[in-house]
1. Counting other Cβ atoms within 10 Å, keep those with at most 13, restrict to DSSP loop, and tell me which trypsin sites (Lys or Arg not before Pro) in the stretch B:1-77 are left.
2. Could you check the simple spin-label distance between B:W20 and B:I257, using points 7 Å along Cα→Cβ, in nm with one decimal?
3. Suppose we flag GluC sites (Glu not before Pro) only when DSSP calls them loop and at most 13 other Cβ atoms lie within 10 Å. Which is the longest uninterrupted stretch of chain B?
4. If R₀ is 56 angstrom, what is the calculated FRET efficiency for the pair B:E63 and A:L22, using the beta carbon separation as r and rounding to 0.05?
5. Dipole size in debye (nearest 20) for chain B around its Cα centre, Lys and Arg Cβ +1, Asp and Glu Cβ -1?
6. Subtracting the Cα-Cα distance from 0.36 nm times the residue separation, let me have the gained length for B:Q335 to B:F12 in nm, one decimal.
7. Give the peptides A:16-22, A:43-49 in descending order of average Cβ contacts within 10 Å, highest first.
8. Residues of B:194-200, mean number of Cβ from any other protein chain within 10 Å of their own Cβ, rounded to a whole number?
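A short reminder: the numbers here are calculations on the coordinates, not readings from a lab. Everything quoted here is computed from the prediction, not taken from an experiment. Every residue, glycine among them, receives a Cβ derived from its backbone with ideal geometry; neighbour counts consider all protein chains shown.
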Amino acid sequence: MLNILTTAFSMIGDIKFNPKALLDMLPYIGEGMLCIFIVIGIIILITILLNKITSKDK
Amino acid sequence: MEEIINNLIQNFDWRYIIMWAIGALLIFLAIKKDMEPTLLLPMGFGIILVNLPLSGAITQGLEEGPLSVLYEAGIANELFPLILFIGIGAMIDFGPVLTNPKLMLFGAAAQFGIFFTLGMASMFFDIKDAASIAIIGAADGPTAIVVAQMLKSNYTGPIMVAAYSYMALVPIIIPPVIKLITTKKERLIKMEYKPTNVSKLTRILFPIIITIVAGLVAPKSVSLIGFLMFGNLIRECGVLDSLSETAQRVLANLITIFLGITIASQMTADKFLSLSTLLILGLGLVAFIFDIIGGVLFAKILNIFLKKKINPMIGAAGISAFPMAGRVVHKLGLQEDSQNFLLMHSMGVNVSGQIASVIAGGLILNFFL
């Protein structure tokens, strides 16, 4: 089935179909989402801290 | 006269007619449907302008065209989108997210569409083009332009059209996706809002600290996040009101006029009318849909552990597309129950989505530049 799809797509203009590339991307997908949550987590902690430190200045 | 007609016949391409129709459609959507008119109208007119035989608006041989010059001056070096970010930063009130910082988690979850689409697009395009297409899911035009340009994508034109068109279609895309993955009971969940004052010092320090944190983690995103946060600092510092107002109105409007019409210079029939364009439009929609799914499902997962339940609809606002996504979620809440006010929560998630989408853009650049 994959071979048929690959051949079909390769016949359409500049589009190619390479399902294996999805597997190569999996580490980036996982790492990307993890990094975003880590950065946002750090920003949340800093914001909470900021709110506490500056609460006297309200 | 005969020479002009001969020239016209020789240089006419039937694909121009399709491009005129696409340009007219964008102008129609902008004027009649009020869909992102500030961008779709200049883009629509620009498409017609560049798709005329031997159009002098774009470079033809050795003769330079003004739109090509503008493209080199403002888009190829990412200057226009970055300057626009100053205006956007000045427009954003981070108040709701500073009041309830945990809302930022939904902004992070709603970037799932970017990475999901990265996987999908990589099956059809080379890695840099796939990454540029995936960033359509940032639902943020300037981020998409900067990433596509820095990665030197061959598909900047279609990526821009997809990014801005789907942003305009947020009110149409979000409701059915939410209804598909939530129950009526979940959509009726009411969320308490405790208004608390955020100190001026916090409002001033927030953009500076975000720039430092994002810059340390993803150095390549520092211009993106830095310009956004610079705009916000102008807004919050309290001593640059006139600059803040100029950034929000005059600067943003001026850049937007040039941005739309200049992007159109990349939408000539030979570049735009291809199957890859259709595929990019499809993948862009996938990115938007999976952003919404990511945000909503994250809220549903959190609800398993929380005593005070969260209305999962607010997760969809993390798609960025500020401020439309936040308003759409609020309206959906009111449709389910006229006493269910989700605005402050959805806007909080929406501005977090704006921050998270820029960080996602930076990460994509870090991975693939």
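1. Working: sites: B:R15, B:K32, B:K33; in loops: B:K33.
For trypsin sites (Lys or Arg not before Pro) across the stretch B:1-77 that sit outside H, G, I, E and B with at most 13 neighbouring Cβ atoms in 10 Å, the list reads B:K33.
2. The answer from the label model is 2.7 nm.
3. Numbers: sites that count: B:E64, B:E192.
The segment B:193-369 is the longest one with no such site.
4. Numbers: r = 45 Å, r/R0 = 0.80.
After rounding, the FRET efficiency stands at 0.80.
5. Working: 24 positive and 22 negative charges, 396 e Å.
Magnitude of the dipole: close to 1900 debye.
6. Details: separation 323, 0.36 × 323 = 116.28 nm, distance 5.13 nm.
Full extension of this stretch gives 111.1 nm more.
7. On the way: A:16-22: 14.7, A:43-49: 17.4.
Highest mean packing first, the order is A:43-49, A:16-22.
8. Values: counts 0, 0, 3, 2, 6, 8, 3.
Across the residues of B:194-200, the mean count of other-chain Cβ atoms within 10 Å is 3.
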